[in-house]
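All remarks here apply to the structure that follows.
The values are calculated or read from the model by the stated rules, or taken from the named source; none is laboratory data. This one's a predicted model, so the numbers in the text were calculated from it and none came from an experiment. Neighbour counts run over all protein chains shown; Cβ positions are idealised from the backbone, glycine included.
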Amino acid sequence: MKKTFKKIALFTSGGDAPGMNAHIRAIVRTCIARGIEPIGIFNGYQGMIEGRFVSLNRKATVNLIDEGGTYLKTSRSEEFKTPEGREKAYQNLVKFEIDGVIACGGDGTLRGANLLYKEYGVNIVGTPGTIDNDLYGTYYTIGFDTASNTAAEAIDRIRDTADSHGRIFIIEVMGRHAGHIAMDVGISCGAELILVPEKASDIADLYATINRMGEHTRTIIIVGEGGQYEGAVDLATRLKINFNVDAKTTVLGHIQRGGSPTVRDRVLASHLGMAAVDSLLAGHSNVMVGRVYHNITHTPLPETWEKKKKIQNYLYQLAELL
Ligand code: F6P
């Protein structure tokens, strides 16, 4: 028997990602269009535990589309990792008479959603909201495009200095254990070397490449976090100790998470927001609502972190060739 939905709760969790607000807006407006009351849970799973549930309306989402961060705030809740914390969270879903839940975030968020489904049978779908683009089951995650563009813009600026001084620059980008940002940004900025966590590289080979590049005016090396080197500074130190190479380092850090989302992220976030509501109404649960080409996909939540989203081979070829 098909369930009737009166209230759908939504929240963002884990690292904020540009486009989350466009996503919230789309979920709220789709709920209203379908005759459902949208309930925002503030501060992610921690807010679910603390009962921070607020009824949302169309007005609350005015001017959200171009804002970075997340209107609903976010957290990395330690308490939710405990059975007691999840029990409290579930009791609040019951108390506020929530019929379905939409959880937007990265793999930690989706793992939490899976637990609510398994332990309490909560009707829940996840949506991919992370700059890392490391979730299987969707070509792109909300925030990845903006973060990549932000990083690319910063690197373009650094390149001016690298070029003017003929320097070597090692620039570290985010991605946790995935090299999607590093690869796309490295290719789009014409980096001489791109190091991703997915592929180990020998330091002597790196030195040989840097030497070969010496004939150019500058060398840009992009290093994704979470790989064999502990970031830009570690790599620079090793190059100095082993080969007396002088390199400047920049860690782009959280600058990549903020700012107004790109058009691509706004459209993706809006599409996934509408689809998340409609997926719940169609009876989907314990899946991530993603997009492949222009089609909405439903991937069982555990597959989104158990299966690895690989960096495409053509990107490795481009990085090597160009
Ligand atoms: O998952 C998004 C992300 O920005 C990663 O790229 C990074 O490793 C991590 O979050 C940083 O987390 P925090 O903001 O909690 O330090």
**Item:** Every pair of residues 6+ apart whose Cβ atoms lie under 9 Å, when the first sits in the stretch 282-308 and is surrounded by fewer than 19 Cβ atoms within 10 Å (Cβ to Cβ) while the second is at pLDDT below 95 and not aliphatic (A, V, I, L, M)
**Value:** ALA282/LYS2; GLY283/LYS2; GLY283/LYS3
**Asked** within 16 Å of the ligand (Cβ to nearest atom), in contact (Cβ under 8 Å) with a residue 60 or more places away in the chain and part of a helix (DSSP H, G or I) - does that describe any residue in the stretch 98-108?
**Response** yes
**When residues of the stretch 177-195 are limited to those that are crowded, with 20+ Cβ neighbours inside 10 Å and assigned to a helix (DSSP H, G or I), the one farthest from the ligand (Cβ to nearest atom)** = GLY186
**Prompt:** Can you tell me how many residues in the stretch 140-176 are modelled with pLDDT under 95 and either assigned by TED's automatic domain parsing to the domain that holds GLY129 or within 11 Å of the ligand (Cβ to nearest atom) (or both)?
**Reply:** 0
**Request:** Please list, ordered by first then second residue, the pairs with beta carbon atoms under 8 Å, 6 or more apart or interchain, first in the stretch 127-144 and among the charged types (D, E, K, R), second assigned to a loop (DSSP other than H, G, I, E, B) and more than 10 Å from the ligand (Cβ to nearest atom).
**Result:** ASP134/LYS309
**Message:** I'd like to verify a number: residues in the stretch 36-45 that are within 16 Å of the ligand (Cβ to nearest atom) and among the small types (Gly, Ala, Ser), how many?
**Reply:** 1
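Go through GLY19, GLY35 for me and flag whichever is among the small types (Gly, Ala, Ser), modelled with pLDDT of 95 or more and surrounded by fewer than 18 Cβ atoms within 10 Å (Cβ to Cβ).
On the way: GLY19 fails: surrounded by fewer than 18 Cβ atoms within 10 Å (Cβ to Cβ).
Matching residue, one of GLY19, GLY35: GLY35.
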**Message:** Residues to consider are VAL245, VAL251; find the one that is within 16 Å of the ligand (Cβ to nearest atom), touching a residue at least 40 places away in the same chain (Cβ under 8 Å) and in contact with a strand residue (DSSP E or B) (Cβ under 7 Å, 6 or more places away or on another chain).
**Reply:** VAL251
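Does GLY283 satisfy the criteria of being more than 23 Å from THR130 (Cα to Cα) and either modelled with pLDDT of 95 or more or away from the ligand (no atom under 16 Å from the Cβ) (or both)? Spell out how you get there, then give the answer.
Working: more than 23 Å from THR130 (Cα to Cα): yes; either modelled with pLDDT of 95 or more or away from the ligand (no atom under 16 Å from the Cβ) (or both): yes.
Taking the combined requirement at face value, the residue satisfies it.
Within the stretch 16-35, identify whether any single residue is of a type in the set (A, V, I, L, M), within 16 Å of the ligand (Cβ to nearest atom), under 20 Å from LEU268 (Cβ atoms) and in a loop (DSSP other than H, G, I, E, B), and answer yes or no.
Taking the stretch 16-35 and keeping what is of a type in the set (A, V, I, L, M), we get 17, 20, 22, 24, 26-28, 32-33.
Now narrow it down to the ones that are within 16 Å of the ligand (Cβ to nearest atom): 17, 20.
With the extra rule that they be under 20 Å from LEU268 (Cβ atoms), the set shrinks to 17, 20.
Subsequent filtering for residues that are in a loop (DSSP other than H, G, I, E, B) retains 17.
Among the residues of the stretch 16-35, at least one is of a type in the set (A, V, I, L, M), within 16 Å of the ligand (Cβ to nearest atom), under 20 Å from LEU268 (Cβ atoms) and in a loop (DSSP other than H, G, I, E, B), which makes the answer yes.
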**Request:** Name the helices (runs of 4 or more DSSP H) wholly inside the stretch 204-322 in which the number of residues that are closer than 24 Å to ILE187 by Cβ, out of contact with any Gly (no Cβ under 6 Å at 6 or more places or on another chain) and assigned by TED's automatic domain parsing to the domain that holds PRO128 is 1 or more.
**Result:** 263-281
